[in-house]
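The structure appears below as structure tokens.
We did not get these values from a lab; they are worked out from the coordinates using the rules stated. From a predicted model like this one, the values you see are computed outputs, not experimental measurements. Reconstructed Cβ throughout: ideal geometry from the backbone, glycine too, with neighbour counts over all protein chains shown.
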């Protein structure tokens, strides 16, 4: 399948991603996943908007990470820096490339290997930081590379100053 075909594909209620031309269907996430994704998305949007830093994107926005065969992935929240967003401009297609920041919220049915694989995929595609939020553990794991990984607990700030200047909410607030 191509990214263009995926854009036209409808098979509700599933969420879809395309990995090297192969379609993957996922069940819609549950309540806690959606709640945590909304909290981080709202905090990120407010900060980015207030400081004119770029564009934030909601859950399931597709990013075209590779072509021929096509790979389209969708994080739970994302950020693209202003310079990159302005260079591409608005599009009704998938964003061409990786976001600067991808945020993933772990669902109860997500395997560790699935989460790790998606995180490494984001990094390999050029994402500068990936944040994995784990609601049951109340942790935020920040990946900047395969070797630069930091697990944050409740009282620690989620400091992403190198990707989203000034954005550092307290980890525990993401699960409140």
For the chain, modelled as a Gaussian network with Cα springs under 10 Å, which listed residue fluctuates most, 143, 45, 31?
-> 31
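Determine the shape class of segment 1-62: with a ≥ b ≥ c the square roots of the Cα gyration tensor eigenvalues, call it rounded for a/c under 1.5, and otherwise prolate if a/b is greater than b/c, oblate otherwise.
Judged from the Cα gyration tensor, segment 1-62 comes out oblate (a/c at least 1.5, b/c at or above a/b).
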Antiparallel as a % of all DSSP beta bridges within the chain, to the nearest 5?
-> 80
Expressed as an acute angle from 0 to 90° and rounded to the nearest 10, what is the orientation of the C-alpha long axis of helix 112-125 relative to the principal long axis of the chain?
-> 80
With a ≥ b ≥ c taken as the square roots of the eigenvalues of the C-alpha gyration tensor of segment 30-102, please select rounded if a/c is under 1.5 and otherwise prolate if a/b is larger than b/c or oblate if it is not?
-> oblate
Between segment 38-95 and segment 116-176, the Cα center-to-center distance that results, in Å | 16
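Could you give the length gained on full extension between residue 92 and residue 27, defined as 0.36 nm per residue of separation minus the Cα-Cα distance, in nm?
21.0 nm
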Choice from 23, 123, 160 showing the highest fluctuation, given a GNM over the chain with Cα pairs closer than 10 Å = 23
Dividing the mean separation of Cα pairs under 8 Å (6+ apart) by the residue count of the chain yields a relative contact order in percent of 17
Round to the nearest 10 and give me the degree value, 0 to 90, for the angle of helix 31-51's Cα axis relative to the longest principal axis of the chain.
-> 80
Please say if segment 133-176 is rounded, prolate or oblate, where rounded means a/c under 1.5 for a ≥ b ≥ c the square roots of the C-alpha gyration tensor eigenvalues, and otherwise the choice is prolate for a/b larger than b/c and oblate otherwise?
-> oblate
Before rounding to the nearest 500, sum -39500 (n - 2.57) across all DSSP H runs of length at least 4 in the chain and divide by the residue total; then give [θ] at 222 nm in deg cm²/dmol.
-> -8500 deg cm²/dmol
For the chain, modelled as a Gaussian network with Cα springs under 10 Å, which listed residue fluctuates most, 42, 87, 153?
-> 87
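To one decimal place, what Kirkwood hydrodynamic radius in Å is obtained for the chain from all pairs of distinct Cα atoms?
So the Kirkwood estimate lands at 16.4 Å.
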Taking neighbour Cβ counts within 10 Å as the exposure measure, how do 175, 63 sort from fewest upward?
-> 175, 63
Simple spin-label estimate for residue 58 and residue 151 in nanometres, 7 Å along Cα-Cβ = 3.3
